[in-house]
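Written out below as structure tokens is the structure these notes cover.
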Amino acid sequence: MRAGNAVRGMKKKHLAMLLSRLEGFPEPKPELEQYRTPGDVAAELLWLAYSFGDIEGKAVADLGAGTGVLSVGAALLGAGKVYAVEVDAKAVEVAKRNACSLGMEEKIEFVNADVTEFDRRVDTVVMNPPFGSQRKHADRPFLLKAFEVADVVYSIHLAKGEVRNFLEAFSREHNFIPRILTTVYFEIPAQFFFHRKRLERITTDLYRLERVHFFEKHLNFKGHHLRG
Ligand code: SAH
């Protein structure tokens, strides 16, 4: 398929199918928590972001892009430019092949670096960071970078009380308001879970985090001040 421009009128199901057919990690590295974002989860997240007006014509960064599922999906939905940031060179090669397979390579700039090194300002971050099940708080540098480079962030996290509380506190500390848009199943191949089952199904929250602007934050205070 050749689709240099946005695929107009694409259905969410069709996007999910295209993304689920992309090439996966050749040798997933557990320490980097390399599990690809399932096509249906990626499509759900991107569809929501698109509906909020955060994809079409926008500069988007995919932090921890892995095989490029979210980057390619954002490009298909009409992002103006996508930065795919990934530390593992082998994964970047896969992501490049995936982008080419759907004619999206010209829209995506591949950045083979640690997320902490990424320094471009973008409109929107979409990401599926490590869940922190191998290394606790592995998602922190991703959130910090996202808060630094964008005002709107879409991210996937485990649907657990502890994680929800962390996201709530950590986001607000950085002047972001987190909102869970929906909760979905996320299938992970069993290689990370001692092969008990072929697929492990976990539950994840899809978040939209938005920066609170100084003015809004201090609106009440300012109002009071002016009246006085
Ligand atoms: N959306 C991706 C999967 C993300 S899994 C896909 O569908 O393929 C998390 C990704 O973050 C992995 O590819 C891992 O290699 C990468 N990663 C982990 N730590 C990183 C870091 N510090 N900087 C950049 N990438 C990192």
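Points to keep in mind about this one:
- Picking from residues in segment 88-108 that are of a type in the set (A, V, I, L, M, F, W, C) and buried (at least 17 other Cβ atoms within 10 Å of the Cβ), the one that is nearest to the ligand (Cβ to nearest atom) is 91.
- Only a single item in (1) more than 22 Å from residue 149 (Cβ to Cβ); (2) surrounded by 18 or more Cβ atoms within 10 Å (Cβ to Cβ); (3) within 8 Å of the ligand (Cβ to nearest atom) is not met by residue 24, and it is number (2).
- Test for residue 44: is it more than 10 Å from the ligand (Cβ to nearest atom), within 14 Å of residue 126 (Cα to Cα) and in a helix (DSSP H, G or I): yes
- So residue 66, is it surrounded by fewer than 20 Cβ atoms within 10 Å (Cβ to Cβ), under 16 Å from residue 97 (Cβ atoms) and either polar (S, T, N, Q) or within 8 Å of the ligand (Cβ to nearest atom) (or both): no
- Count of segment 141-167 residues which are of a type outside the set (A, V, I, L, M, F, W, C) and more than 22 Å from residue 38 (Cα to Cα): 7
- In segment 114-165, of all residues being crowded, with 19+ Cβ neighbours inside 10 Å and part of a helix (DSSP H, G or I), the one that is nearest to the ligand (Cβ to nearest atom) corresponds to 115.
- Applying the set (1) within 12 Å of the ligand (Cβ to nearest atom); (2) assigned to a loop (DSSP other than H, G, I, E, B); (3) at pLDDT below 90 to residue 6 leaves exactly one unmet item: (1).
- Summed over segment 75-86, the residues that are within 14 Å of the ligand (Cβ to nearest atom) and touching a helix residue (DSSP H, G or I) at 6+ places or on another chain (Cβ under 6 Å) give a count of 4.
- Only one of the listed residues (105, 27, 23, 56) is in contact (Cβ under 8 Å) with a residue 40 or more places away in the chain, farther than 25 Å from residue 188 by Cα and assigned to a loop (DSSP other than H, G, I, E, B). That residue is 56.
The values are calculated or read from the model by the stated rules, or taken from the named source; none is laboratory data. In this text, all values refer to a predicted model and were calculated from it rather than measured experimentally. Glycine gets a Cβ as well: all are built from the backbone with ideal geometry, and neighbour counts include every protein chain shown.
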